[in-house]
Amino acid sequence: MNGHPSSFHSPRVFSTGLALIAAGLSVPAATTLPTDSAGPPPHGSRAFYVDPARGNDHNDGALATPFRTLSPALAVVDGRVRQGLRSDKIYLRAGVYRNELPVTKWRLNLRGTPEDFALLSAMPAEPHAPGAVQRKSGAWYERVVFDDAQRIATPWTRVTGRPGIWQTKPGFVRLEWTHANLWPWSVKDVPRTPDDATPLTTLFTVAPYMLLQDDQPLLWADTLDALTEPGHRTYNQETETLFVRPRGDQDPNTCVFESWYGGPEPNGELLLLDGEGRGLFDGDLHYAALRGCEFRMFTKIFESHRRKYDREAERVVQRHVTFEDNFCRDGWMHILLDGTQIFDRENGQVTPRYSDRSDWLVRNNLFLRPAREVFQVHGDNHVFEHNDILHHGGPWAGPAAIVSVLNARNSANIKVRFNYIEGQGDNRWHAGSVFMLEVGRDQADASGDCRCGGQAYEYNLFANLTSGAAIYLGKGACRLTNITIRGNIFAGHRQGPAIRFGSPLANVRIEHNLFYKLKTAFDELKNSPEGSFADRPSTGYIRHNIFVENGTTLTPSLEAFARAGMFVIDQNQFFANGNAPAGTNAITTAPVFRNPATYDFRSRPDQPAVAGPYVASGDIPPGIEWWLRKRAAESLSR
């Protein structure tokens, strides 16, 4: 699978009976631990251990003598990598790992081999061991939390004349750069300079756009006057004042309030977050995995280098990386490592290269309340699979909840499959989208075709979306090629379409999908400055799909392309939609599903399916038992 490990790589373990007694460790009796002494390891690799409770940074990092913090473990592994050693493993014992620095704290240099990945992982644990947590794959780990929340330490005072409302000045540092669409006010056409440092573009901080009261998120309000109910907050960017109407109308001085990171900043003026600057991790990854951890209240997991490096030695290269079995909650940007370019254009500068990143495998993760991108990486051959994404772009982050879960604008041959997405765009500021190919003129080759072809979106569930498209195909000008959309279920979208056509298409395949109770199955991007879907002929197939109780189904352009012989629309099942069946060999019988309320869209045994994801009763591709995934996602997110 594109160089990715094909199965869960469990480290060698030993029982607690003899080895732990010999090591003198105090651990739960049910726990099994990776060993660094069970025979000669391959490639000269070693295992290192970090224990915040019982470690010491002057130790050697062995199982019996762990480090206390992560930094010395990373330093030792970095030195070994520079000596040519590969496939070292770092195991983290239970605890909270915080970045107290105003810069990226943990510099990674993890290098393995295709057969034996280097690893940064939470310590594996036996099921139900005290303090252990079960992650999405079913594996158990000690609970390791990378917590980047900033606790509000300034005192709260009541706002005169406004019962129940409190205020404080947390001292957030303003952001160095922001898009106009992040602003909480109706500011349009914000002026920008090449340095992105005009008074308007720097009158902003992202910190208060996620605020927790005793670990539970508060809802965003635009103004002080809008704080009419408990559980809301707002922030005045001009006076730098945070206002809150606490849950239960509690005294906020008796509660724990946490925001996203808001400073300090080393340059003393503007906080670097979006284009460059502070994240949790940075560094080189080659055949390396990050596994089993919880990431909480972060603005970025990885530092991005989107513009340029000061010198070539700073270039970050990340290829064949696995990010799995992690729990990411209440974050802003997650894995955003996009160099904003598809062709290498140095122009005398040390800029990110398209080939710097490739072959990421992001699987079996839970993303709860993500505000912005979950995965946006340039390069080829990425796989995003078996992830649960719950409540992307919700009301907690207000106007800072934008863009898509996954943006594949600069990635060829990406596979997006078996993902469970519930809730999207439940805010009144920005719709966003789930999966997007944000391609335009800059991504086109000489023929006008997009270099990022060969993408597949297969067997995903998109359920209960408030707004925004589930799959957004381009923004005009650049024609997308060889796109496959197969076996997906689109259920219950209240405003946005299942699929939005923004660019012309060549050889698109839309087949065996279910479109169920949507406002519209397909629509087209209108009035784009770079063009639209209908500007050039498109070719492809729409076949073996089910359309049930949708407001509209096919667009006029699609039907026109079909009449011209460029699009094949054939053998689709239509029932109780707002417009008539279309194409050839249309099926008009009513499908009978087992239990749509639990996302069980299998046909009843007495009425086998004739189209859609489950072509025959009981023929269920592994990973799309959505009625089971729904219960599991609800349990894991508690």
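The values are calculated or read from the model by the stated rules, or taken from the named source; none is laboratory data. A quick note: this is a predicted structure, and the numbers were derived from the prediction, not measured. Ideal geometry is used to build each Cβ from the backbone, glycine not excepted, and the neighbour counts take in all protein chains shown. Side chains included, ligands, DNA and RNA excluded: accessible areas come from the protein's heavy atoms. Shrake-Rupley method; radii C 1.70, N 1.55, O 1.52, S 1.80 Å.
Observations on the structure shown:
- Scanning the stretch 69-122 for residues that are in contact with a helix residue (DSSP H, G or I) (Cβ under 9 Å, 6 or more places away or on another chain) and at positive phi yields GLY84, SER87.
- Test: residue in the stretch 167-185 that is surrounded by fewer than 19 Cβ atoms within 10 Å (Cβ to Cβ), out of contact with any His (no Cβ under 9 Å at 6 or more places or on another chain), among the basic types (Lys, Arg) and modelled with pLDDT of 95 or more: yes
- Identity of the residue in the stretch 232-253, acidic (Asp, Glu) and on the phi < 0 side of the Ramachandran plot, that ends up surrounded by the most Cβ atoms within 10 Å (Cβ to Cβ): ASP251
- Residue within the stretch 550-565 that is under 25 Å from ARG409 (Cα atoms), free of Cβ contacts under 8 Å to residues at least 24 places away in the same chain and within 31 Å of the chain's Cα centre (by Cα) present: no
- The one condition in (1) over 12 Å from ILE489 (Cα atoms); (2) touching a residue at least 60 places away in the same chain (Cβ under 8 Å) that PRO613 fails to fulfil: (1)
- Any chance GLY379 is open to solvent by less than 10 Å² (accessible area, probe 1.4 Å) and closer than 25 Å to ARG315 by Cβ: yes
- Just one of the listed residues (THR205, THR201) is surrounded by 12 or more Cβ atoms within 10 Å (Cβ to Cβ), touching a Ser or Thr at 6+ places or on another chain (Cβ under 8 Å) and either modelled with pLDDT under 60 or more than 22 Å from ARG162 (Cα to Cα) (or both), namely THR201.
- Filter result (surrounded by 16 or more Cβ atoms within 10 Å (Cβ to Cβ), part of a loop (DSSP other than H, G, I, E, B) and of a type in the set (A, V, I, L, M)) within the stretch 41-63: LEU63
- Residue within the stretch 326-341 that is under 12 Å from the mean Cα position of the chain (by Cα), under 23 Å from ASP284 (Cβ atoms) and open to solvent by 10 Å² or more (accessible area, probe 1.4 Å) present: no
- Subset of the stretch 346-370 [aromatic (Phe, Trp, Tyr) and surrounded by fewer than 21 Cβ atoms within 10 Å (Cβ to Cβ)]: TYR354
- When the residues of the stretch 562-576 are filtered to those that are open to solvent by less than 20 Å² (accessible area, probe 1.4 Å) and not in a loop (DSSP other than H, G, I, E, B), the one that is modelled with the lowest pLDDT is PHE567.
- In the stretch 87-176, counting only strands (runs of 3 or more DSSP E) that sit wholly within it, the ones holding 2 or more residues that are out of contact with any Pro (no Cβ under 9 Å at 6 or more places or on another chain) span 106-111, 118-122, 144-147.
- Check on ASP380, of a type in the set (Asp, Glu) and in contact with a His (Cβ under 6 Å, 6 or more places away or on another chain): no
- Only a single item in (1) in contact with a strand residue (DSSP E or B) (Cβ under 6 Å, 6 or more places away or on another chain); (2) closer than 24 Å to GLY454 by Cα; (3) polar (S, T, N, Q) is not met by THR553, and it is number (2).
- One residue stands out among those in the stretch 507-553 that are assigned to a loop (DSSP other than H, G, I, E, B) and on the phi > 0 side of the Ramachandran plot: the one that is least open to solvent (accessible area, probe 1.4 Å), which is GLY531.
- For first residues located in the stretch 579-606 and touching a residue at least 40 places away in the same chain (Cβ under 8 Å), partners that are among the acidic types (Asp, Glu) and surrounded by 11 or more Cβ atoms within 10 Å (Cβ to Cβ) and lie 6+ apart or on another chain with Cβ distances below 6 Å form the pairs GLY583/ASP570.
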